[in-house]
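Values quoted throughout were computed directly from the atomic coordinates according to the rules given, and no laboratory measurement underlies them. Because the structure is predicted, anything quoted here is derived from the model rather than measured. Every residue, glycine as well, gets a Cβ built from its backbone with ideal geometry; the counts of neighbours run over all protein chains shown.
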Amino acid sequence: MSLDPTSATSLADTIATFTAGMAKHAPPEVLATLGAELHKLADSGIATRALRLGAKAPDFSLPDAHGGLVTLSSLLARGPAVVTFYRGGWCPFCDLQLRAYQSVLGQIHDLGADLVAISPQTPDYALSDVEKKQLAFPVLTDAGNRVARQYGLVFSLSETMRGLQTGFGNPIPKFNGDDSWELPMPGTFVVDGRGVVRLGHVDPDYTKRLEPEALLAALRAARS
C-alpha cells in the first residue's frame, strides 16, 4: 500500500487508510494485542509527564545523519523551530508523519522557522530515513533517549510489545544501539524564538500525529 501523504486530504486520513489496509492482513489476535497495549500505555498516564504548553524547551545539541551537530538554541536565534520526536524509520506511522512534514517544509521555512526530527536510532539508520524518505530537514540521533527524557516522552516497551516488534522484524536494540527497549512517545513541539513551547502534541497512541496544518497555524501564531 502506498505511503504517499498526498493521497489523502489530511495526515489523519492517510493514517486511517493505512491502518484499514493493515487490519485486512494482520491476524486478529495481533491487532487485539496491539490495541490492548495502547490502552495500557494511555491508562498509565504517561502523557501527563510530557513538556507542557508555556514551558521552556530544554536546549540540546545532537548529531545529524551527516555527522554535523544541530543545537536548538542556534536554531531559535533565527526564529521558531518545530521539534518532532519519532520512534524510528521502522514505524510506518512515523514514516507517514515525516513525509507529510516534508511536504510542508517550504511553508515552514517561509514562516521563518526550522524543522528537526529526533529519534533514538543510530546515525546510520537516521541517514537511511533521510535517503529513503528524501527528507530535506535535519534528522537527529538522540542516543539513549537523553533529550526525549528531558521532554518527558520516554517509556520502556512491555515484554509483550518486545516480542511483537521482534516478530515484525523490528529489532529495536539493533536500531537504537542499546538494549534498553526504550522509545519516545511521538511528540511534536512548536517552540518560539524565546524557547517557549507554543504548541505541544504528545499522544501515547502512536497512530495519532499532529496535522501539518495545525503545525503551520502554531508557527503563524508564534510570529505574531
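Here are some notes:
- Close Lys-Lys pairs in the chain, where close means Cα under 30 Å and separation is 8 or more or interchain: 14
- Estimated [θ] at 222 nm from DSSP helical runs (n ≥ 4, -39500 (n - 2.57)) normalised by residues in the chain, nearest 500: -12500 deg cm²/dmol
- Tilt relative to the chain, helix 92-103 - C-alpha long axis, 0 to 90 degrees, to 10: 30
- Three principal axis extents of the stretch 1-81 based on alpha-carbon atoms, in descending order, are 49, 34, 27 Å.
- With a Förster radius of 45 Å applied to the beta-carbon distance between GLN107 and ALA42, the computed FRET efficiency rounds to 0.90.
- Eigenvalues of the alpha-carbon gyration tensor of the stretch 74-139, scaled by 5 and square-rooted, set the equivalent ellipsoid semi-axes at 21, 13, 10 angstrom, largest first.
- Across the stretch 41-66, no residue has a backbone nitrogen under 12 Å from the label position 7 Å along the beta-carbon direction of ALA12.
- Förster-model FRET efficiency, 22 Å R0, SER158 and ALA32, C-beta, rounded to 0.05: 0.90
- Between the alpha-carbon centres of the stretch 14-30 and the stretch 76-98 there is a gap of 23 Å.
- The mean sequence separation of alpha-carbon pairs under 8 Å and at least six residues apart, normalised by the residue count of the chain, gives a relative contact order of 27 percent.
- Among VAL30, VAL139, VAL130, residue whose mean-square fluctuation peaks in a GNM of the chain (springs only between Cα atoms under 10 Å): VAL30
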